[in-house]
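Here's the structure, in structure tokens; my notes come after.
The values are calculated or read from the model by the stated rules, or taken from the named source; none is laboratory data. Please read all numbers here as calculations on a predicted model, not as lab measurements. Glycine also receives a Cβ, built like all others from the backbone with ideal geometry; neighbour counts cover every protein chain displayed.
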Amino acid sequence: MKISELGEFPLIARASKYFSSVGMQNPDVSLGIGDDCAVWQPSESSYPSVLLTTDTLVEGVHFLQQTVSWRDLGWKSLAASVSDIAAMGGVPVVALMTLGLTGNESVEAVDQLFAGATECAQTFGVTIAGGDTIRSDFVIVGWTVAGTALAPDRGPARVLRRSAARPGDIVVVTGWCGSSAAGLDVLLRECGGVQSLVLAHQRPLPRVREAQWLLSRGIECATDTSDGVFESCRLIAEASRVQVNIDARVLPVHDDLVRFAREESKDYALYGGEDYELVFTVTPDALSDLLEEWGRSFELPLTVIGRCEVLPDGVQWVTVAHSPAGIHRFSHFGSETQ
Ligand code: ADP
Ligand code: MG
């Protein structure tokens, strides 16, 4: 069987079978494969737990040179990994870059890439401390980022986890959904006029501060929307063994997305990736205080999009009420199924 027939998630499950097997488990690694970051607490150290993540963008797969400037590529490639730290409620600290180049790029272009990455690093307080440079048939930009978990004392790390949702919890999303994917289509169709969508695509803002705030308010379960809201809900549902029921009508979409995509806007909202918002869960009794306190701290909207239920027989991880007809799903290898 080919990898393209297997799909990304069964592939990761196979990797996990090897890498998490008996003899490979270190008790200091409290969270391994399956969340946005791994969590490592060196047993002898009083230092907070370390969060680790890596992400890679490949030309032709994740970006095209026509739709992203070198400077924006520097920003958004690092932002993708910073978002994984945010998805755990952590503090991003240090980054290593993997850079694959064909050799035909101009020096000025690659300087722009470094400049964009530096802007992102400064914005989120990250030190770029090393990396690797390789010759490659395509441009490859990858980042490994380490951060710290919010843990004032020794003891188990406090992190937001995909696996902490419970039946009855309310599902909430930050910001706007689908803007980045729509921004890409704006650029591909060269239609202009919807700058907020293009900006969301080129300069995404991982929700680092917001996630730390949520963690400090007792939220336990979250992930980012790097592959779209539907996918975030599926990741939470599967990791928490709950069913997540969402309503497409209430998904928050920016006015520019409605203007651009009209009746397809909910499609973008559900399945469009690279937004780097947070999907999290909260108990019903904590919801109204949380929404109120959030409103006093952030301008970014919070929107209730659904609810977690007991997983029924015959697993369906996510249901979407009033689902749009079309389906835009991003899949790394082309055969994802629920
Ligand atoms: P994200 O979208 O948040 O970056 P991914 O979907 O890429 O996360 O990965 C899901 C989980 O699988 C993560 O915990 C990641 O570390 C793990 N993972 C992905 N690819 C591999 C691999 N080749 N080997 C081991 N673990 C992997
Ligand atoms: Mg992630």
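Among helices (runs of 4 or more DSSP H) entirely within the range 1-110, having at least 2 residues that are within 12 Å of ligand 1 (Cβ to nearest atom) singles out 8-19, 70-86.
For Thr144, the conditions (1) in the same structural domain as Val279 (by TED's automatic domain parsing); (2) closer than 30 Å to Pro42 by Cβ; (3) not basic (Lys, Arg) are fulfilled apart from (1).
Residue count for the range 266-293 satisfying the condition of being farther than 15 Å from Trp176 by Cα and not in a strand (DSSP E or B): 11.
Counting residues in the range 120-128 that are over 30 Å from Asp28 (Cβ atoms) and out of contact with any Phe, Trp or Tyr (no Cβ under 8 Å at 6 or more places or on another chain) gives one or more.
What number of residues within the range 203-258 are of a type in the set (Asp, Glu) and within 16 Å of ligand 1 (Cβ to nearest atom)? Break it down stepwise before answering.
Start the filter on the range 203-258 by keeping residues that are of a type in the set (Asp, Glu), which leaves 210, 220, 224, 227, 231, 238, 247, 255-256.
Next, from what is left, pick out any that are within 16 Å of ligand 1 (Cβ to nearest atom): 224, 227, 231, 238.
Residues flagged as of a type in the set (Asp, Glu) and within 16 Å of ligand 1 (Cβ to nearest atom) within the range 203-258 amount to 4.
The requirement of being closer than 27 Å to Leu150 by Cα, in contact with a Lys or Arg (Cβ under 9 Å, 6 or more places away or on another chain), modelled with pLDDT of 90 or more and within 16 Å of ligand 2 (Cβ to nearest atom) is fulfilled somewhere in the range 67-78, by at least one residue.
Scan the range 274-285 and tell me whether some residue there is closer than 21 Å to Gly168 by Cβ and free of Cβ contacts under 8 Å to residues at least 40 places away in the same chain. Reasoning before the result, please.
Of all residues in the range 274-285, those closer than 21 Å to Gly168 by Cβ come to 278-285.
Going one step further and asking which of them are free of Cβ contacts under 8 Å to residues at least 40 places away in the same chain, we end up with 285.
Looking through the range 274-285, at least one residue is closer than 21 Å to Gly168 by Cβ and free of Cβ contacts under 8 Å to residues at least 40 places away in the same chain.
Conditions tested, residue by residue: (1) touching a Pro at 6+ places or on another chain (Cβ under 8 Å); (2) over 24 Å from Ala115 (Cβ atoms); (3) not aliphatic (A, V, I, L, M).
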| site | (1), (2), (3) |
| --- | --- |
| Ser21 | no, yes, yes |
| Asp28 | yes, yes, yes |
| Asp36 | no, yes, yes |
| Pro42 | no, yes, yes |
| Thr54 | no, no, yes |
| Leu57 | no, no, no |
| Leu78 | no, no, no |
| Ala87 | no, yes, no |
| Val93 | no, no, no |
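May I ask you to verify whether Leu205 is surrounded by fewer than 17 Cβ atoms within 10 Å (Cβ to Cβ) and either hydroxyl-bearing (Ser, Thr, Tyr) or not assigned by TED's automatic domain parsing to the domain that holds Ala87 (or both)? Judged against the criteria, Leu205 is not a match.
Is there any pair linking a residue in the range 26-49 that is on the phi < 0 side of the Ramachandran plot to one that is more than 16 Å from ligand 2 (Cβ to nearest atom) and basic (Lys, Arg), with Cβ under 6 Å and at least six apart or on different chains, and which? Correct list of pairs: Ser46/Arg154. Scanning the range 2-52 for residues that are among the acidic types (Asp, Glu), more than 16 Å from ligand 2 (Cβ to nearest atom) and surrounded by 13 or more Cβ atoms within 10 Å (Cβ to Cβ) yields a count of 1.
Taking the range 209-227 as the range and being more than 10 Å from ligand 2 (Cβ to nearest atom), buried (at least 20 other Cβ atoms within 10 Å of the Cβ) and of a type outside the set (A, V, I, L, M) as the test, the residues that pass are Glu210, Glu220, Cys221. Taking the criterion of being touching a Ser or Thr at 6+ places or on another chain (Cβ under 8 Å) and not in a loop (DSSP other than H, G, I, E, B), the residues of the range 245-265 that qualify are Asn245, Ile246, Ala248, Val250, Asp256, Leu257, Val258.
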